[in-house]
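Asks: First the structure, then my questions, so here it is.
The values are calculated or read from the model by the stated rules, or taken from the named source; none is laboratory data. Note that the coordinates shown come from a computational prediction; the quantities given were computed from them, not determined experimentally. Because the Cβ atoms are built from the backbone with ideal geometry, glycine has one as well, and the counts that use them run over all protein chains shown. Heads up: the accessible areas ignore ligands, DNA and RNA and are worked out on the full protein's heavy atoms, side chains in. Shrake-Rupley method; radii C 1.70, N 1.55, O 1.52, S 1.80 Å.
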Amino acid sequence: MTIRATVLGTLCRPSFVVAIAAVAVFVGPTSAHKEPHTPEQLKLYEDVLMEEVRKGDLLFHGDAATAKQMNVVLSTTGMACAMCHPMASDTHPQSYPKFQVETSKFATLRDMINWCIEKPNQGEKIEIDSEAMKALEAYITWSNSGSVLVPGKH
Amino acid sequence: MSDELDRIRREMHAVLQQLGVRPDDSLQITRRTFIHRSLLFGAASVGQTFAWWPLLNTIDVAHAAEAPFKFAWISDTHLYEKSLNTRFVDKVVRAVQEVQAMDPPADFLIFGGDLAQLGKIEELELGVDLLKDLTIKKYYIPGEHDWYLDMGKKWGELFGQPNWTFDHKGVRFIGLDTVSRGPDYWTVKKMTPEERMGHMATLDGTVAGAWAGVGRDQLDWMQKILADWDKSKPIVIFSHNPLYEYYPPWNFWVRDWREVNEVLKPYTKVTNIHGHVHQVLYNEIGSMRSIGMLATSWPWPYAPEGVPKLTKPMIRADPGDHFDGVGWETVNVNAEDKVDVEYIMWGRKEVFVQSDPDSSLSQPEKLRPRMADNMWPY
Ligand SMILES: [Fe+2]
Ligand SMILES: [Fe+2]
């Protein structure tokens, strides 16, 4: 299901569509883990991640075309996420889940993303498991690759 | 730290932090906190939105001056057109009211760049309009956000020459343009002015490259205007970017800091005051002190590496309060050989971090540059 949605979302990138289709063939549920992984497969997994990172990067930096395409309004103030978080700094994905001071609740990174969209950016909160949310999460965590997990750290 | 950054860092350390080389010995840094009278005016006139009585934190830096005086600094207002965003407008209005209410008044105001967000005529004119209420003498230097839509055309029409110098009560003041000499990243890619500005307006963008620099021509100009200045008399240099290397990926530097250091080396009382970083910063580089100023618009987090050891970090701002982590400054040059920089941060009793959890630096970060702005068709 997820794979199909991704294919539809990337029709404008023909070479990538081929790659995703190939993933479906290689890693469909019936063949999973029965054969050793090939370098091609690993490359394809990486491509899937990086496509999410790319979309997340664009959303995070306020790219209007991507927001429109994904049907989200992340900000109405002219502010984009990256204006307070260059290179996704100070997002601290490694510190989640944790007690979030802003909401006085135990929160995940996705909860905090929505808080930022709604409060400082005055945008429209997005579905917690939406494509846009996954892309934003992909970009933020990818940007912070190598950070050590410290759940709960304020 | 990347190998390249590590190499430059070592070089900078070797060049600038030589044994025994420091800003003038008689100088010292202290810090004090007190309530600023002028804020009472600001708060009274703009109402209850500003619930806090902010206190001021002061860095004292010594200098000799003929007579005590004060000047004010505002920068990084990043104005959008009013129809899109009134939040940044409100903060400029507040800063202007507070500077205007200073008693005794400031001798002049320095505007440290990034008046506009996207370099638009409407944004720059809005800035002029808002600052009009401030009746003291005003000096402007440009920021990258002011410049790269029309390559400084409108800015020049409004404010004239981007670099300048004047003497005031025994201090030589110099304003530098550190933004206009960026490498041409737009012609080959056939970018529209808006696209060029878009890349420049993205702090963590990878396309505009190492745009911050003073340039050989301007260095020669600076050398010339300093030639007749006594080596032990005070110099205050304003620049949008810091005149040393803090974090090149965000242009928290000028790429020709080595040459800047060469020109300034003979002078023992140099203070550099800069914007662009939207954060409290303090550094000593050779015989020069460098002080980073707050934005009125929004605070940037400290970079993941390269924060000068001498910096006492500012607090981690509350993202739910857009008056937190931002503000303006007064600089007080007094008869007791001191230059006081007062950070006026609106959301806080304490500008500086008191304990670890209040600091964004308490969470070590490993970050990588963005990737989507360098991919086709971007
Ligand atoms: Fe700025
Ligand atoms: Fe700037």
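Asks: For B:THR86, tell me the accessible area in Å² from a 1.4 Å probe, rounded to the nearest 10.
Replies: B:THR86 exposes around 80 Å² with every protein chain in place.
Asks: Further question: Round to the nearest 10 and report in Å² the accessible area of A:MET79, as given by a 1.4 Å probe over the protein chains' heavy atoms.
Replies: It works out to around 20 Å².
Asks: Say the cut-off is 30 Å between C-alpha atoms; which of B:LYS70/B:LYS309; A:LYS134/B:LYS120; B:LYS120/B:LYS233; A:LYS43/B:LYS309; A:LYS43/A:LYS134 go over it? Walk me through the numbers before you get to the answer.
Replies: Details: B:LYS70/B:LYS309 28 Å; A:LYS134/B:LYS120 34 Å; B:LYS120/B:LYS233 40 Å; A:LYS43/B:LYS309 42 Å; A:LYS43/A:LYS134 20 Å.
Checking Cα-Cα distances, A:LYS134/B:LYS120; B:LYS120/B:LYS233; A:LYS43/B:LYS309 exceed 30 Å.
Asks: Taking θ = phi - 60°, what integer Hz values does the Karplus form 6.51 cos²θ - 1.76 cosθ + 1.60 yield along segment B:87-100, in sequence order, with x for Gly and Pro?
Replies: 4, 6, 4, 3, 6, 5, 4, 5, 4, 4, 4, 6, 5, 4
Asks: For the residue pair B:ASP107 and B:PHE166, what label-to-label distance in nm results when each label sits 7 Å from Cα along the Cα-to-beta-carbon direction?
Replies: Here the answer is 1.0 nm between the modelled labels.
Asks: Each residue of segment A:137-150 in turn: what ³J(HN,Hα) in whole Hz from Karplus with 6.51, -1.76, 1.60 and θ = phi - 60°, glycine and Pro shown as x?
Replies: 4, 4, 5, 5, 6, 4, 4, 9, 3, x, 6, 8, 5, 9
Asks: Further question: Could you compute the net charge surrounding B:THR296? Neighbours are other residues with a C-beta less than 13 Å from the C-beta of B:THR296; K and R count +1, D and E count -1.
Replies: Net charge in that neighbourhood comes out at -3.
Asks: Counting alpha carbon pairs within less than 8 Å and at least 6 residues apart, what relative contact order, in whole percent, applies to segment B:230-373? Walk me through the numbers on the way to the answer.
Replies: Details: 278 pairs, mean separation 25.5, N = 144.
Dividing the mean separation by the residue count of segment B:230-373 yields 18 percent.
Asks: Between B:LYS309 and B:LEU158, what length in nm is gained on full extension when 0.36 nm per residue of separation is reduced by their alpha carbon distance? Walk me through the numbers on the way to the answer.
Replies: Details: separation 151, 0.36 × 151 = 54.36 nm, distance 3.86 nm.
Here the answer is 50.5 nm.
Asks: Net charge near B:LEU118, counting Lys/Arg +1 and Asp/Glu -1 over other residues with Cβ under 10 Å of its Cβ? Walk me through the intermediate numbers first.
Replies: Details: positive: B:LYS120; negative: B:GLU81, B:GLU122, B:GLU123, B:ASP146, B:GLU194.
So the surrounding residues net to -4.
Asks: Moving on. How much accessible area per residue does segment A:106-154 have, counting only protein heavy atoms and a probe of 1.4 Å, in square angstrom?
Replies: On the way: 2450 Å² over 49 residues.
Ligands and nucleic acids excluded, the result is 50 Å² per residue.
Asks: Using a probe radius of 1.4 Å on protein heavy atoms only, what is the accessible area buried between chains B and A, both sides summed, to the nearest 100 Å²? Mind dumping the intermediate values first?
Replies: Details: alone 16470 and 9690 Å², together 22980 Å².
What B and A bury together is about 3200 Å².
Asks: Need the full-extension length gain, A:LYS125 to A:TYR45, defined as separation in residues times 0.36 nm minus the C-alpha distance. One decimal, nm. Display every interim value, and only then the final one.
Replies: Values: separation 80, 0.36 × 80 = 28.80 nm, distance 2.91 nm.
Between A:LYS125 and A:TYR45, full extension yields 25.9 nm more.
Asks: Points 7 angstrom from Cα along the Cβ direction at A:GLU35 and A:THR103: gap in nanometres?
Replies: 4.3 nm
Asks: On to the next question. As a test question: what accessible area, to the nearest 10 Å², does A:LYS34 have when a 1.4 Å probe is rolled over all protein chains in place?
Replies: 150 Å²
Asks: Counting partner chain Cβ atoms within 10 Å of every residue's Cβ in B:359-370, what's the average?
Replies: Working: counts 0, 3, 0, 2, 11, 5, 11, 7, 12, 7, 3, 14.
Averaged over the peptide's residues, the number is 6.
Asks: Return the average number of partner chain Cβ atoms within 10 angstrom of each residue Cβ along peptide B:72-82. Could the numbers behind the result be given before it?
Replies: Values: counts 0, 0, 0, 0, 0, 0, 3, 0, 3, 1, 0.
Partner Cβ neighbours, averaged per residue: 1.
Asks: Please give the net charge around B:GLN223, taking every other residue with its beta carbon less than 12 angstrom from that of B:GLN223, where Lys and Arg add +1 and Asp and Glu add -1. Walk me through the numbers on the way to the answer.
Replies: Values: positive: B:ARG216, B:LYS224, B:LYS265; negative: B:ASP217, B:ASP220, B:ASP228, B:GLU259, B:GLU262.
Surrounding charge for B:GLN223 is -2.
Asks: Quantify how strongly other chains surround peptide A:85-96 by giving the mean number of their Cβ atoms within 10 Å of each of its Cβ atoms. Walk me through the numbers on the way to the answer.
Replies: Details: counts 6, 14, 13, 5, 11, 12, 4, 4, 0, 4, 1, 0.
Per residue, the average neighbour count from other chains is 6.
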